[in-house]
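Just so it is clear, none of the values below were taken in a lab; they were calculated from the coordinates. In this text, all values refer to a predicted model and were calculated from it rather than measured experimentally.
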């Protein structure tokens, strides 16, 4: 199947290392083209540009001189293979000569992509780096310090007569601090005295009656009997009375 091949180039005002880094950086690639990009900066990494209009894979890297990628757009015919893009970076006076060698393009689309590289890649890339250089130059100019003017020589000031040293006041004796008063001891609370109950009135002792002398009465009674009867018989002994009693019992039994 027949294919087209094109070759375009331009000088970019930047070092090859700088251009190489910008091509493989998604942020900078999108900044100089004007479309969103995503790039995996290693061999076998996927890349897209212009919001997915361009897709492909990184096939070979030779920093900072050469980048090789497979490349196709959404306008490639169905069933067609990817084209091959080779980005060559060569240091020259004024920056880097960037050459794009684009081969295996579907037949009839070569010239269209040649114009696309010019209008949407090389021209905006050149403007992008020119702005960076201009911005860096402005920053360098702002960073340069302004010449310092020497101050005019001033007349030496008249020396004032030295003032007499002030008399030192005698140091005051330190006031002795009064010893802190000891806190007064708290008096112990008095114990509440229990009130004693009212004393009951003492019972009066009943006067005892004089004991009667029983013996005296008996003696007196006996004495009276004796006087009445006459002479008093002698009292029988207990031993003598017993036989008579026994005798009476014997006679009675008979």
The range 35-130: relative contact order as a whole-number percent, Cα under 8 Å and 6+ apart: 15 percent
Anisotropy class of the range 1-74 from Cα gyration tensor, a/c 1.5 cut: rounded
Cα gyration tensor of the range 89-139 - equivalent ellipsoid semi-axes, whole Å, descending: 29, 13, 6
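Find the relative contact order for the range 32-80 and round it to a whole percent, using C-alpha pairs within less than 8 Å whose residues are 6+ positions apart.
25 percent
What number, in percent, do you get for the relative contact order of the range 1-82 if the mean sequence gap of Cα pairs under 8 Å and at least 6 apart is divided by its residue count?
18 percent
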